[in-house]
Amino acid sequence: MTEPMFDKIALIGIGLIGGSIALEARKRGLAKTIVAATRSPETAQKANELKLADHCGIDLAAAARDADLVIVCTPVGACGAAAQAIAPALKPGCIVSDVGSVKQTVIADMAPHIPEGVHFVPAHPVAGTENSGPEAALLDLFEGRWCILTPLPGVDPAAADKLEAFWKALGSEVNRLDPANHDRILAITSHLPHLIAYSIVGTADDLGGHLNSEVLKYAAGGFRDFTRIAASDPTMWRDVFMNNKEAVLEVLQRFQEDLFYLQRAIRWGEGDKLFELFNRTREIRRALIHLHQA
Ligand code: NAP
């Protein structure tokens, strides 16, 4: 049997993503010890019942002590405080990373707390479900999915390479992006679609009266797919929009303009315009299937 990549991995936050990392790292023998820490005793107890890590407690610093790899898996808005809490316990040479869906603000919040001699390599696994909490943890969640690393200039290349090797060992494909570029791309591929889903489901709910129940009854159309996305964790997504403000507002502006174009085409009976767009978008779906990302 080959040696594990790390002696000790610590996961700060053990919901869908932290829990899935724990399960997968254990299955693949990537660490001798995997510990976790979370905010509430209830979540810690659940994680212990499910045996996601070797142990889960509520002392973040205690979990991070002596770890060779610490991954902060909390909502984006809590990453800075988590980094501050674990900082005094980090051992020299340790790699600190995160899984946040936004990179620029997470880096700005975490980096000032990272001690000299500790290697900070931010990351974002582009994989997930609409479920959250330790019960949502899944094996194979990262299989064939991208994990984007956004290493900062000047980071130890060996530390970035080791984190890349870890994510590949979890089943991911890994790519590296500049943090601003990451945030712009995710604004259109992930953040805007979630905002649209939240908005459509809210609109349907606001219709009120008998329409409300009819909408639920006949939800099998496209609406059902939106309700799945709109069931995603409210804290996580509030934090995403609060932290990727500029990029989201920019794509939202473009989206609204394009929506007006479609509104106009419908009003003036310009079916050819709709047909041309729908044809183009169908090709995008086919290309995604070809790339195995759908
Ligand atoms: P989750 O299932 O809700 O789990 C969040 C975990 O963080 C829980 O253990 C929670 O603990 C803990 N936590 C929350 N606030 C905390 C605080 N202030 N201090 C310490 N721990 C705290 O969330 P998730 O879906 O795994 O998402 C975690 C991160 O992954 C987020 O940054 C998100 O942007 C990113 N991400 C999510 C997805 C996705 O599809 N869900 C995909 C890729 C990346 P308690 O229960 O004890 O409060």
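No lab work stands behind these numbers, since they all come straight from the coordinates. The structure presented is a predicted model; accordingly, all values stated were derived computationally and were not measured. Here Cβ is always computed from backbone atoms with ideal geometry, including for glycine, and neighbour counts include all displayed protein chains.
Scanning residues 5 or more positions from THR33 or on other chains, those with amide H under 5 Å from its amide H are LYS8, ILE9, with H placed 1.01 Å from N in the peptide plane. Note on GLN84 and GLU276: the model spin-label points, each 7 Å out from Cα along the C-beta direction, lie 5.4 nm apart.
Between the residues TRP167, VAL76, THR38, the greatest Cα displacement towards the positive end of the dipole of region 6-177, with unit charges on the Cβ of Lys, Arg, Asp and Glu, is found for TRP167. Across the alpha-carbon set of region 181-290, the Rg to Rh ratio works out to 1.00, Rh being the Kirkwood radius.
Each Lys and Arg Cβ is given +1 and each Asp and Glu Cβ -1; about its Cα centre, the chain then shows a dipole of about 400 debye. Between the residues LEU249, ALA197, GLY269, the greatest Cα displacement towards the positive end of the dipole of region 181-290, with unit charges on the Cβ of Lys, Arg, Asp and Glu, is found for GLY269. Its Cα centre serving as origin, region 105-246 has a Cβ charge dipole (Lys and Arg +1, Asp and Glu -1) of approximately 240 debye. Under Stokes-Einstein, with the Kirkwood radius over Cα pairs as Rh, the value for the chain at 10 °C and 1.306 mPa s is 77 µm²/s. Put simply, the amide H of ARG145, placed in the peptide plane, has neighbours under 5 Å in GLU173, leaving out anything fewer than 5 places away on its chain. Based on the reciprocal of the average 1/r between different C-alpha atoms, the Kirkwood radius for region 233-294 equals 14.3 Å. Compared with the direct C-alpha span, the chain from TRP268 to ASP205 gains 19.8 nm at full extension, assuming 0.36 nm per residue. A simple count of charges around ALA127, restricted to other residues whose Cβ falls under 12 Å of its Cβ and scoring Lys, Arg +1 and Asp, Glu -1, yields -3.
Taking Lys and Arg as +1 and Asp and Glu as -1, the other residues whose beta-carbon sits under 14 Å from that of PRO75 total -2.
Counting 0.36 nm for each residue step from ARG254 to ALA111 and taking away their Cα separation leaves a gain of 48.3 nm. Proximity of backbone amide H atoms, modeled 1.01 Å from N, is registered between PHE120 and VAL96 at under 5 Å, excluding neighbours fewer than 5 places apart on the same chain. Looking at the chain, the DSSP beta bridges with both ends there are about 10 percent antiparallel.
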